[in-house]
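First the structure, in the form of structure tokens, and then the observations on it.
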Amino acid sequence: MSANPQPDTSDRGIIAALHRQLGIRFGTRFGLMLLLLALLCVLFWTGSRYPALNEKLMMSGAIQLEDPLSFEAKYPLTEAMSIPERVFYSTLNWINTNKKGMTFGILFAAGFMTTLGYLRRRSLQGGFANSVLGLFLGAPLGVCANCAAPIGRGLYASGMRAETALSAMVASPTLNFVVLTMLLALVPFYMVVIKVALSLVVILAVVPLLCRLLPAAQQAEVSAATASVPPSWSAAELAAGDLEAGNLEAGAPHREGLIRAFWEVIKAYLGNLWYIVRMTVPLMLAAGFLGALVGTLLPSEMITTLPFGLGILLLVALVGLFMPVPIGFDVVMCGVLIASGLAQGYVMALLMTLGSFSVYSFFIINQMLGLRIAALLGAAIASLGILAGLGAQSYHNWQSQRALEMLL
């Protein structure tokens, strides 16, 4: 037996060597992108997101909502303003409130796209497993449904499964630990349990079931994304590796220099960033305008004195589903509405739908997966919100009746 085995120059051997070689070459780029993602997260989480959420948590019920879509109004709304003026300034307030989160979402989405481009395996086997992956990716991000939409778009565009993208979009605004702490401080405990339980139902059951309805062509793309095969590289990149059939000895790979790797990462990141901006920013502005319009025409004060009824509950759930509010706004709004005496069923429906989904989420999912998936996901969340509202109102009525009987 020869001490120096001859390299495998067959087609299979050449491809295997290419895969090994490229895995080493692009490892430098992958490491650089991990550093960039970590830097983005640290800057956003420590400089903006968690300090702001902690401030809202400390203030709890003392927060005053100055705009239909925002905590604070940079441009105050007055009674003297006409409806077009109120819509215009409310849209500006929404943009001002969401600018940091949306910027992070866009930058992070481009970073995810670039990073995943250097991975050989980007998904797990099975819809449920990929939904769990999306849950653990989305929950720590701490961004609202609007800011999570570009991230979901980037995840799917980079080859991850639709289950992962959708689950991350739902988990980020609903299962963040600071938001959960706010829930415990501002709303009854049973509402917190219902909210968390139904959010997990959406992420771990509804999303995998809906993704089975994807067209056959998209299912084929999903299957390809789970394969343990690296992406196709251009001829120029393959040539840059100096790979030849007669020079495939293991242990002598070509390593990419740091400067070249840095330059290639910058080019790939900027290309992906432009893609995300093109696909998401125009829809973001449209969603802000539509949300401001609905918030102006249907202020929350309209329902505070109404008795509980199924028709109004349906309207409340649909409005909550539509509104593109910032993270934590749903919790604070529900706390304010409980204090104002709004029926518990309406509050529960809003708690389930407001902030979990939005018209912007609908736009992005329609763009990614088609109108049917976007409409069905929205309908599922709205239906769960209505059921939760009915259950909460029944429980509240039972509690009230029980308290009266004890007094009598």
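Here are the numbers:
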| read-out | value |
| --- | --- |
| Residue within the range 394-402 that is part of a helix (DSSP H, G or I), buried (at least 24 other Cβ atoms within 10 Å of the Cβ) and touching a helix residue (DSSP H, G or I) at 6+ places or on another chain (Cβ under 7 Å) present | no |
| Hits in the range 72-92 (condition: touching a strand residue (DSSP E or B) at 6+ places or on another chain (Cβ under 8 Å) and touching a residue at least 60 places away in the same chain (Cβ under 8 Å)) | 90 |
| Extreme residue, modelled with the highest pLDDT, among residues of the range 107-136 that are of a type in the set (Ser, Thr, Tyr) and assigned to a helix (DSSP H, G or I) | 131 |
| Residue satisfying all of: in the range 27-84; polar (S, T, N, Q) and more than 25 Å from the chain's Cα centre (by Cα); modelled with the highest pLDDT among these | 82 |
| Filter result for residue 303 (of a type in the set (Val, Ile, Thr) and within 23 Å of the chain's Cα centre (by Cα)) | no |
| Boolean, residue 311 is closer than 28 Å to residue 90 by Cα, small (Gly, Ala, Ser) and in contact with a strand residue (DSSP E or B) (Cβ under 6 Å, 6 or more places away or on another chain) | no |
| First in the range 391-402 and within 20 Å of residue 350 (Cβ to Cβ), second anywhere and among the small types (Gly, Ala, Ser), Cβ under 7 Å, 6 or more apart | 392/345; 393/343; 393/345 |
| Count of residues meeting criterion [among the aliphatic types (A, V, I, L, M), touching a residue at least 24 places away in the same chain (Cβ under 8 Å) and assigned to a helix (DSSP H, G or I)] in the range 286-309 | 7 |
| Residue that is farthest from the chain's Cα centre (by Cα) [pool: residues in the range 159-188 that are at pLDDT below 90 and of a type in the set (Gly, Ala, Ser)] | 185 |
| Cβ pairs under 6 Å, 6+ apart, first in the range 317-332 and over 13 Å from residue 381 (Cβ atoms), second basic (Lys, Arg) and assigned to a helix (DSSP H, G or I) | 328/56 |
| Check on residue 357, under 26 Å from residue 70 (Cβ atoms) and either surrounded by 22 or more Cβ atoms within 10 Å (Cβ to Cβ) or touching a strand residue (DSSP E or B) at 6+ places or on another chain (Cβ under 6 Å) (or both) | yes |
| Residue match in the range 189-211 (condition: more than 17 Å from residue 387 (Cβ to Cβ), modelled with pLDDT under 95 and assigned to a loop (DSSP other than H, G, I, E, B)) | no |
| Some residue of the range 302-316 being at pLDDT 90 or above, surrounded by 20 or more Cβ atoms within 10 Å (Cβ to Cβ) and not hydrophobic (A, V, I, L, M, F, W, C) | no |
| Checking residue 273 against (1) over 22 Å from residue 359 (Cβ atoms); (2) assigned to a loop (DSSP other than H, G, I, E, B), the condition it does not meet | (2) |
| Residue pairs meeting the criteria (Cβ under 6 Å; at least 6 apart or on separate chains; first within 15 Å of residue 157 (Cβ to Cβ) and touching a residue at least 24 places away in the same chain (Cβ under 8 Å), in the range 356-371; second among the hydroxyl-bearing types (Ser, Thr, Tyr) and crowded, with 24+ Cβ neighbours inside 10 Å) | 368/156 |
| Number of the condition not met by residue 342 [criteria: (1) in contact with a Ser or Thr (Cβ under 6 Å, 6 or more places away or on another chain); (2) surrounded by 24 or more Cβ atoms within 10 Å (Cβ to Cβ); (3) not in a helix (DSSP H, G or I)] | (2) |
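Yes or no, residue by residue, for (1) within 30 Å of residue 51 (Cβ to Cβ); (2) at pLDDT below 90; (3) crowded, with 23+ Cβ neighbours inside 10 Å; (4) not β-branched (Val, Ile, Thr):
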residue	(1), (2), (3), (4)
337	yes, yes, no, yes
367	no, no, no, yes
375	no, no, no, yes
392	no, no, yes, yes
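The values are calculated or read from the model by the stated rules, or taken from the named source; none is laboratory data. Just so it is clear, the model here is predicted, and its values are computed rather than measured. A quick note on method: Cβ atoms are made from the backbone with ideal geometry, for glycine too, and the neighbour counts reach across all protein chains shown.
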